[in-house]
1. Need the full-extension length gain, ALA53 to ASP118, defined as separation in residues times 0.36 nm minus the C-alpha distance. One decimal, nm.
2. Per Stokes-Einstein, at 4 °C and 1.567 mPa s, what whole-number D in µm² s⁻¹ belongs to the chain, with the Kirkwood radius over Cα pairs as the hydrodynamic radius?
3. Normalise the Cα radius of gyration of the range 115-175 by 2.2 N^0.38 Å (N = residues in it) and let me know the number.
4. For Cα pairs less than 8 Å apart in space and 6+ apart in sequence, what is the mean separation divided by the residue count of the chain, i.e. the relative contact order in percent?
5. To make sure I understand the rule: partners must be lysines, Cα under 23 Å from the Cα of LYS59, and not fewer than 8 residues away in the same chain. Which ones qualify?
6. Once you keep just the Cα pairs under 8 angstrom separated by 6 or more residues, what percentage relative contact order results for the range 94-186?
7. Are there any trypsin sites (Lys or Arg not before Pro) in the range 1-108 that are in a DSSP loop and have at most 12 other Cβ atoms within 10 Å? List them by number.
8. Could you report the range 38-155's accessible area per residue, 1.4 Å probe, as an integer in Å²?
Amino acid sequence: MATVEVNISQSRVAVTWGDITGQSTDAIVNAANSSLMGGGGVDGAIHHAGGPAILEECKQIVARQGRLPTGKAVITGGGNLAARFVIHTVGPVWRGGNSGEPELLVSAYRESLRVAADNGLRSVSFPSISTGAFGYPVGDASKVAVNTVASFLREQDSSIKEVVFVLFDSATFEAYASALEEIADG
Ligand code: ADP
C-alpha cells in the first residue's frame with residue numbers, strides 16, 4: 001500500500017490508501033453528521049464495523065448535549081474496532097465556498113485533535129472529511145486538512161505522535177499526497 005509521510009515537530013504525518021475501519025491507531029475519526037445517528041459513507045462503515053455500542057454512546061451524548069454542531073467533535077469507545085476510540089466530528093456541507101466552509105473544516109480537524117490530545121491519545125487516523133456526500137472539493141479540502149494538522153502539531157506539545165490520513169479512492173489519495181509533499185518541501 002502506498003504511503004507518503006513527513007515528520008512535523010517529532011510527530012509522524014502519513015497519507016495512505018485504504019479503509020479507515022481497519023486502522024489500529026488509538027482513535028479513528030468519523031465524518032459524522034450533526035444527528036450522530038449514523039449515515040452513509042465512512043459514517044455507515046464505522047458503525048457497521050464497530051457494532052451497536054458506538055451508536056448507543058452517540059445517543060447518550062445527543063440526549064445530554066443535543067446535536068453536534070458543525071466543526072465540533074466528541075469521543076466514544078471503539079466498540080468492535082481495532083481502534084480504542086472513535087472521534088466523531090461534523091464537517092461543513094459545501095455551499096459554494098462563501099458560507100464559512102474553510103473555517104468550519106479547519107475547526108473539524110482542530111477540535112478532533114484537541115479531543116484526542118485531551119484524552120492523552122498517541123495516534124489518530126482521519127478520513128477525508130466533507131469530500132464525499134458533503135461535496136467539499138477534494139483539492140481544497142486536502143490542503144486544509146494537511147495544513148491544519150501540521151499547524152496543530154507545530155503549535156502544541158501534545159500526546160499526539162502520529163496522524164494518518166486514510167483515503168478511500170485514488171483521486172483523494174493523490175490530492176492528500178500532493179498536499180503533504182508541499183508541506184515537506186516548504
Ligand atoms: P462527508 O459526509 O463528510 O462528505 P463521506 O463519508 O460521504 O463524508 O465521505 C468522506 C470520505 O470518506 C470520501 O472520500 C469517501 O470516499 C470516504 N470513505 C467512505 N468510506 C470509507 C472508509 N471505509 N474508509 C475511509 N474512507 C472512506
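1. 21.2 nm
2. D, rounded to a whole number, is 81 µm²/s.
3. On the way: Rg = 12.5 Å, N = 61, 2.2 N^0.38 = 10.5 Å.
Dividing the Cα radius of gyration by 2.2 N^0.38 Å gives 1.19.
4. Details: 385 pairs, mean separation 54.3, N = 186.
Averaging sequence separation for qualifying contacts and normalising by length gives 29 percent for the chain.
5. LYS72
6. Numbers: 91 pairs, mean separation 32.7, N = 93.
So the answer I get is 35 percent.
7. Qualifying residues, ordered by number: ARG95.
8. For the range 38-155, the per-residue accessible area is 44 Å².
The values are calculated or read from the model by the stated rules, or taken from the named source; none is laboratory data. Note that the structure is a prediction, hence the values are computed from the model and not measured. Cβ sites come from the backbone with ideal geometry, for glycine too, and all protein chains shown count toward neighbours. Calculation scope for accessible area: heavy atoms of the full protein, side chains included, ligands and nucleic acids excluded. Shrake-Rupley method; radii C 1.70, N 1.55, O 1.52, S 1.80 Å.
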